[in-house]
1. Mind pulling the per residue volume of the convex hull built on the Cα atoms of the stretch 260-325? Å³ is fine.
2. For the stretch 139-245, with every protein chain kept in place, what is the accessible area per residue (1.4 Å probe, Å²)?
3. Taking the Cβ of Leu54 as the centre, find all other residues whose Cβ is under 12 Å away and add up their charges (Lys, Arg: +1; Asp, Glu: -1).
4. So between Arg47 and Ser181, what do we pick up on full extension, going 0.36 nm a residue minus the alpha carbon distance?
5. Relative contact order for the chain: what percent, with Cα pairs under 8 Å and sequence separation of 6 or more?
6. Apply the Kirkwood formula to the stretch 209-329: the hydrodynamic radius equals the inverse of the mean of 1/r over all pairs of different alpha-carbon atoms; give it in Å with one decimal.
7. Would you kindly calculate the translational diffusion coefficient of the chain, applying Stokes-Einstein with the Kirkwood radius from alpha carbon pairs, for 37 °C and a viscosity of 0.692 mPa s, and quote it in µm² s⁻¹ without decimals?
8. Of the accessible area of the stretch 1-124, with the probe set at 1.4 angstrom, what percent is carbon plus sulfur?
Amino acid sequence: MTSPFAYARATDEQDAVRLAAQPGTAFLAGGTDFLPLWKAGLAAPSRVIDIGRLALDRIEVRDDVVVIGALARLADAAGHPSIRRELPGLAQALLASASPQVRNMATVGGNLMQRTRCLYFRGADFACNKRAPGSGCSALEGQNRQHAILGTSSACVATHPSDLAVALVALGASLHLRGASGERRVAVEDFFLLPGATPERETMLMAGELLVAVEVPRTPRRSAYLKLRDRASFEFAVVSACVAAEVRDDRIATICLAAGGVATTPWRLKACEAALAGARLDDAVLRAASALAAEGARPLGGNGFKVELLQRTVHRLLADVLVTSPTSL
């Protein structure tokens, strides 16, 4: 049974931040993840601030960045002409998220803030340090096919669920946050925290702080997102990867690679990037770099297959984007 709670509707950003000053407050927009968590007893806010009517759903194309409001629907962002044309990797990640029905409701900010789909976190009968700090991690010796091989700790091996976050890391995006102490910008890559000994703390977001917008650089480059999953729709990644690269004179001038479904956060593949920087567009080079994708991996009993699957996914993505002529959606 849901505990009693107070409800308020924010009139603007400043009002939302003011109302959120009270401990135990939660923001509510699309609600596609938060409401199921609440019903399951995994969230118990004493006060809910409805931000669904704030003017944070705009998508603005500026000279150097695309600014996506935190309340923009996933479907609207995926279908935006500039995003489809200039940032195909981002559009592909959005279209790979959830189902058409959910994308019509879910917001960009909510997608980034969603909680892990680890069955031990979502199931109240199991030990989970995210849900009950200090209780243990049932996934370590349990069913862990879907769990992480990178960025894990003895306290947590849950994967990060967002497709969008993986693409934003590869594209060098940043988040615009607003709280009682003012505004700040944080790189998406830095926003998500490794579990360490405190897996219950997943992001740099402070209490009462509001995610306002996402800013994605408009740097000329090729990008794409590839997602492998157990079924074709409404399924989270077993392995995914996103690349953003600039090619000049048949050489890779700049490149950024990120992976999903394999780590506790959206994971930068820095060893692959280092091997590819300045390299010629040669398949042997791409294969050698892809073999480094799982560097530092610590597989569990049921997910060792992800090592090779990640390597093959990265190679396929690189070959498609860097060797095959890129096309828009």
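The values are calculated or read from the model by the stated rules, or taken from the named source; none is laboratory data. No experiment lies behind these values; they were computed from the predicted model shown. In this analysis, Cβ positions are derived from the backbone assuming ideal geometry, glycine residues included, and neighbour counts consider all displayed protein chains. These area figures cover heavy atoms from the full protein model, side chains too; ligands, DNA and RNA do not enter into them. Shrake-Rupley method; radii C 1.70, N 1.55, O 1.52, S 1.80 Å.
1. For the stretch 260-325, the hull spanned by Cα atoms encloses 85 Å³ per residue.
2. Numbers: 4140 Å² over 107 residues.
On a per-residue basis, the stretch 139-245 sits at 39 Å².
3. Charge balance in the 12 Å sphere: -1.
4. Length difference between fully extended and current span is 46.2 nm.
5. 17 percent
6. Taking every pair of different Cα atoms in the stretch 209-329, averaging 1/r and inverting gives 15.2 Å.
7. Translational diffusion coefficient: 162 µm²/s.
8. 52 percent
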